[in-house]
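Q: Take a look at the following structure, please.
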Amino acid sequence: ERRFALGVQLLAAHRDPIVIAEGYSDLAEAAIVALADGVRREFERTHGKVAGGELVMLGLGRLGGRALTHASDLDLIYLFDAPAGAHSDGAKPLPATDYYNRLASRIGGALAAPTPAGPLYDVDTRLRPQAAQGMLAVSLAAFEGYQRHEAWTWEHMALCRARTLTGADEVRQKVQDLICSILKAPGDPAKIAADAAAMRDEMARHKPPARPLDIKLGPGGLVDLEFAVHTLQLTTHVGLDPRLEVALAALVDEGLIDEGADRDLRLLSRMLVVLRLVGSKGMEPAEQSQGLVATLCGHEDWPSLLEAVGQARQSIAARWRQVKGMRNAE
């Protein structure tokens, strides 16, 4: 009902699409917290608790950046912090690793539960260490070891948008401090830029834009801007915040990117949020919806919106060329 209400506010042009995106994100976070707590309490009836143990769920991607759309899935990583060799104390005790992996699996099942109105959320856990080959829930120590010694550059780019969602305050702060430390680790700027450029080229080959209006995957789209921001974050350690608008503000303050980047981000973000609700799979809205999309994006009509989007994409493409050019600057 809440998701439906957010969509109605968007269709009625009562709210800024960016505010609606934050609403979708806050709603998803509330669902995660409530379901994780309910599943945990039920799980404890059989398996008890792990003394000194805690499960922390990380939101990444649009969930981490509080920028969900109507159609977004939830990018999640499950981490646990527990004493070495710990077991649970219930009627059916489990070692900590088994305990938290089973608990994480049940939480994921609850989030994806089918309802008369469809599944609650599509959950994606492929950003965890070693992806599908790795355990669903990993210890904080194992996570740190993987991120510091085995992770690829693109995994650190994804970590730039990580945000803790569950767990006690002190453990959540411990996780956030660890992530910040990992992202601030010394690295070769030229190699980071080269890795990011190679990853973006690979993505373009395997996940091409659906249509010319695909403002996410197309040239100069949101993905190019995200790659530019994350590359700058990793090479300069400036603006390490999961919200792109906050990261951009810090990068602008340091003279690392121009002020127009925030304007372009907001324009394309507004358009993405609206088109995810009213557009086709290729993001092309029906003619009857074009006026609504233009209004919500701050323009008088569809042609003027398309002109502004074209200019924004040219600027974003230029920024990305400049950032990835750092690989040749050394």
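The values are calculated or read from the model by the stated rules, or taken from the named source; none is laboratory data. As the structure is a prediction and not an experimental result, all values here were calculated from the model. Every residue, glycine as well, gets a Cβ built from its backbone with ideal geometry; the counts of neighbours run over all protein chains shown. Surface areas here come from the heavy atoms of the whole protein model, side chains and all, with no ligands, DNA or RNA. Shrake-Rupley method; radii C 1.70, N 1.55, O 1.52, S 1.80 Å.
Q: For segment 11-111, report the % of Cα-Cα distances exceeding 15 Å.
A: Percent of Cα pairs beyond 15 Å in segment 11-111: 65.
Q: Once the other residues with Cβ under 10 Å from the Cβ of Ala228 are scored (Lys, Arg +1; Asp, Glu -1), what is the net sum?
A: Value of the local net charge: +2.
Q: Right, next: Which value, in debye to the nearest 20, gives the size of the charge dipole of segment 167-289 about its Cα centre, when Lys and Arg are +1 and Asp and Glu are -1 at the Cβ?
A: I would put it at about 500 debye.
Q: Could you derive backbone 3J(HN,Hα) for segment 105-113 from the dihedral phi with the Karplus parameters 6.51, -1.76 and 1.60 (θ = phi - 60°), listing whole Hz in sequence and x where the residue is Gly or Pro?
A: 4, 5, 5, x, x, 5, 5, 9, 4
Q: Just Asp241, Asp169, Asp26 to compare: in a GNM of the chain, with alpha carbon springs under 10 Å, which one fluctuates most?
A: Most flexible of the set in this elastic network: Asp169.
Q: Tell me, what is the Rg over Rh of segment 55-135, with Rh the Kirkwood radius over Cα pairs?
A: Using Cα coordinates only, the ratio equals 1.03.
Q: In nm, to one decimal, how far is the modelled label at Arg2 from the one at Val238, with both set 7 Å along Cα→Cβ?
A: About 3.7 nm separates the two model spin labels.
Q: List the equivalent ellipsoid semi-axes of segment 168-261 in whole Å, largest first, each obtained as the square root of 5λ for an eigenvalue λ of the Cα gyration tensor.
A: 26, 16, 15
Q: For Val123, list long-range residues whose amide hydrogen, built 1.01 Å from N in the peptide plane, is under 5 Å from its own amide hydrogen.
A: Amide H neighbours of Val123, under 5 Å, 5+ apart: Leu74.
Q: Work the Kirkwood hydrodynamic radius out for segment 243-310: mean of 1/r over every pair of different alpha-carbon atoms, inverted, in Å.
A: Every distinct Cα pair counted, the radius reaches 12.9 Å.
Q: Now for a different question. Read phi for every residue in segment 235-242 and hand back ³J(HN,Hα) as whole Hz from Karplus 6.51 cos²θ - 1.76 cosθ + 1.60, θ = phi - 60°, with x for Gly and Pro.
A: 8, 10, 6, 9, x, 7, 9, x
Q: May I ask for the net charge around Arg319, where only other residues with Cβ less than 10 Å from the Cβ of Arg319 are counted and Lys, Arg are +1 while Asp, Glu are -1?
A: -1
Q: Also, I was wondering about something else. Tally up the carbon and sulfur contribution to the accessible surface of segment 118-168 as a whole percent, 1.4 Å probe, everything protein left in place.
A: 56 percent
Q: Taking the Cα centre of segment 31-144 as the origin, how large is its charge dipole in debye, to the nearest 20, when only Lys and Arg (+1) and Asp and Glu (-1) carry charge on their Cβ atoms?
A: Dipole size: approximately 160 debye.
Q: Still on this structure: May I ask which residue of Val273, Gly325, Pro303 lies farthest towards the positive end of the charge dipole of segment 232-330, with charges of +1 (Lys, Arg) and -1 (Asp, Glu) on Cβ and the Cα centre as origin?
A: Most positive-ward Cα: Gly325.
Q: Here's something else I'd like to know. At a temperature of 20 °C and a viscosity of 1.002 mPa s, determine how fast the chain diffuses translationally according to Stokes-Einstein, using the Kirkwood radius over alpha-carbon pairs as Rh; express D in µm²/s, rounded to the nearest whole number.
A: Value of D from the Cα-based Kirkwood radius: 102 µm²/s.
Q: Hey, another quick one. For Lys49, what residues show an amide H to amide H distance below 5 Å, using hydrogens built from the backbone and excluding near sequence neighbours?
A: Asp89, Gly90
Q: Per residue of segment 289-301, what does 6.51 cos²θ - 1.76 cosθ + 1.60 with θ = phi - 60° give for ³J(HN,Hα)? Whole Hz please, x for Gly and Pro, Karplus curve as stated.
A: Karplus values, whole Hz, x for Gly and Pro: 9, 4, x, 4, 4, 4, 4, 5, 9, x, 10, 6, 8.
Q: Let's see if you can work this out: charge +1 on each Lys and Arg Cβ, -1 on each Asp and Glu Cβ, no other charges. What is the dipole magnitude of the chain about its Cα centre, in debye to the nearest 20?
A: My answer is approximately 660 debye.
Q: Where is the GNM fluctuation largest for the chain (alpha-carbon springs, 10 angstrom cutoff): Gly52, Gly65, Gly310?
A: Gly52
Q: Per 0.36 nm of contour for each residue apart, how much would the distance between Glu170 and Ala71 grow if the chain were fully extended, relative to their Cα-Cα spacing?
A: Stretched fully, the Glu170-Ala71 segment lengthens by 32.4 nm.
Q: What's the Kirkwood radius of segment 83-220 in Å, using all Cα pairs?
A: 18.1 Å
Q: Could I ask something else about it? Using the charge dipole of segment 145-187 (Lys, Arg: +1 at Cβ; Asp, Glu: -1 at Cβ; taken about the Cα centre), state which of Gly145, Met157, Val171 has its Cα farthest towards the positive end.
A: Checked the options; the winner is Met157.
Q: From the residues Gly291, Ile182, Gly85, which one has its Cα farthest along the dipole of the chain in the positive direction, the dipole being from +1 and -1 charges on Cβ of Lys/Arg and Asp/Glu about the Cα centre?
A: Gly85
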